[in-house]
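The values are calculated or read from the model by the stated rules, or taken from the named source; none is laboratory data. Predicted, not measured: the structure shown is a model, and the values here were computed from it. Glycine gets a Cβ as well: all are built from the backbone with ideal geometry, and neighbour counts include every protein chain shown. Note: accessible area is taken over every heavy atom of the protein model, side chains too, but ligands, DNA and RNA are not part of it. Shrake-Rupley method; radii C 1.70, N 1.55, O 1.52, S 1.80 Å.
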Amino acid sequence: MKIKGVLFDFSGTLFRIESAGSWLRAVLDELSVPVPPEEVRRYAVQLAVAGALPGGPTPQQLPPDLAGLWATRDESAERHRAAYTGLARQVALPDPRLYDALYERHRTPDAWRPYADTAEVLGTLKREGIGVGVISNIGWDPRPVFRAHGVDEFVDSYVLSYEHGIQKPDPRLFGAACEAIGQDPRDVLMVGDDRTADGGAAELGCAVHFVDHLPVEERPAGLRPVLALTR
């Protein structure tokens, strides 16, 4: 099979969210909320354990009243915000403004870092005439993140769960992504970090390749094997 198009997941595949500590410190500084460093570390750990950072760890213990919302959080912007701010509110932060501000922070380009080989791999695929799409379970538009980090020019299309009201692994979302890059699913490679969500592409006949969801520093070349798979 000759690969004519590649679909990429966003979080944990092309980009990585900042740490919970960096996320919280940025918002505390923005709102001028004074918190001692040791308390910042404690709150950051609690938020991470709660699963309140989108793109970060999943909740270690999901509150029963949020279970239904969590399962369908990526089907709309409203559900996404409600799920993550709900998880953040499991932590008693020192200022009520922080909950919404933390959610807003994670949507900014400054909260995300591309993996070291993201630009190289996307740019190479683009130059070789291979269609490139982004397909993400998400509740907001990540295009500004791609633009800010100089890689939007390499992406032909974005298929985002909240815009379609369905989320991976639903094959309909993968079908929409393949159509968006103008390729038959059997000629498409799906690249992601979640074996359940991203693995759903196989149902349509896509080839699937997984990368490890690691900090940027620990995965300098995790995307480069994709280039070999398309040749």
| field | Loop-located GluC sites (Glu not before Pro) in the stretch 26-130 whose Cβ has at most 13 other Cβ within 10 Å (DSSP) | value | GLU128
| Probe 1.4 Å, protein heavy atoms only - accessible area per residue of the stretch 43-193 in square angstrom | 42 Å²
| request: Write down the Kirkwood hydrodynamic radius of the stretch 100-157, to one decimal in angstroms, obtained as one divided by the mean of 1/r over all alpha carbon pairs. | output: 12.4 Å
| note | For LYS126, counting only aspartates and glutamates whose alpha-carbon sits under 19 Å away and dropping same-chain residues fewer than eight positions off, the answer is ASP9, ASP117, ASP152, GLU153, ASP156, GLU179, ASP184, ASP187
| task | Per DSSP H run of at least 4 residues, take -39500 (n - 2.57); add these up for the chain, divide by its residues and hand me the 222 nm value, nearest 500 deg cm²/dmol. | result | -10500 deg cm²/dmol
| request: Treating only the Cβ atoms of Lys and Arg (+1) and Asp and Glu (-1) as charged, compute the dipole magnitude of the chain about its Cα centre; round to the nearest 20 debye. | output: 220 debye
| field | For the stretch 1-72: rounded, prolate or oblate by the Cα gyration tensor [a/c cutoff 1.5] | value | oblate
| field | Under 5 Å, built H, 5+ apart or other chain: amide partners of LEU7 | value | GLY133, LEU189, MET190, VAL191
| query | Quick one: if you take sqrt(5λ) for each eigenvalue of the C-alpha gyration tensor of the stretch 125-231, what semi-axes come out, biggest first, whole angstrom? | reply | 19, 17, 16
| Of the heavy-atom accessible surface of the chain (probe 1.4 angstrom), what whole percent is carbon and sulfur? | 50 percent
| Signed unit charges on C-beta, dipole axis of the stretch 27-180, positive-most listed residue ALA92, PRO36, ALA82 | ALA92
| remark: Sorting ASP184, ASP65, ASP198 on solvent-accessible surface, 1.4 Å probe, most exposed first, gives ASP65, ASP184, ASP198
| Of TYR162, TYR99, TYR115, which has the most accessible area with a 1.4 Å probe, and how do the rest follow in descending order? | TYR162, TYR99, TYR115
| task | Any chance you could look up the accessible area of THR58 with a 1.4 Å probe, heavy atoms only, rounded to 10 Å²? | result | 90 Å²
| Debye log10 I(q)/I(0) for the chain, one point scatterer per Cα, at q = 0.17, 0.18 Å⁻¹ | -1.20, -1.32
| task | For the stretch 129-143, take each phi angle, set θ = phi - 60°, evaluate the Karplus expression 6.51 cos²θ - 1.76 cosθ + 1.60, and give the result in whole Hz per residue in order, putting x for glycine and proline. | result | x, 8, x, 10, x, 10, 10, 9, 7, 7, x, 7, 8, x, 3
| Any idea how far apart SER32 and ASP95 come out in nm if each label point goes 7 Å out from Cα toward Cβ? | 0.9 nm
| Which helices of the chain meet both criteria: a Cα extent of 24 Å or more along the helical axis and a mean Kyte-Doolittle score no lower than -1.0, with helices taken as whole DSSP H segments? | none
| request: Work out from phi, with θ = phi - 60° and the Karplus expression 6.51 cos²θ - 1.76 cosθ + 1.60, the ³J(HN,Hα) of each residue of the stretch 188-205, listed in order in whole Hz, and give x for Gly and Pro. | output: 10, 10, 9, 10, x, 10, 10, 5, 7, 5, 6, x, x, 5, 4, 4, 8, x
| task | Kindly report, to the nearest 10 Å², the accessible surface of LYS126 as traced by a 1.4 Å probe over protein heavy atoms only. | result | 80 Å²
| said: Quick check: from the Cα gyration tensor, does the stretch 65-181 come out rounded (a/c under 1.5), prolate or oblate? | reply: oblate
| task | Return the whole-Å distance between the Cα centroid of the stretch 139-167 and the Cα centroid of the stretch 1-24. | result | 11 Å
| query | Counting other Cβ atoms within 10 Å of each Cβ, which trypsin sites (Lys or Arg not before Pro) in the stretch 67-124 have at most 16 and sit in a DSSP loop? | reply | ARG89
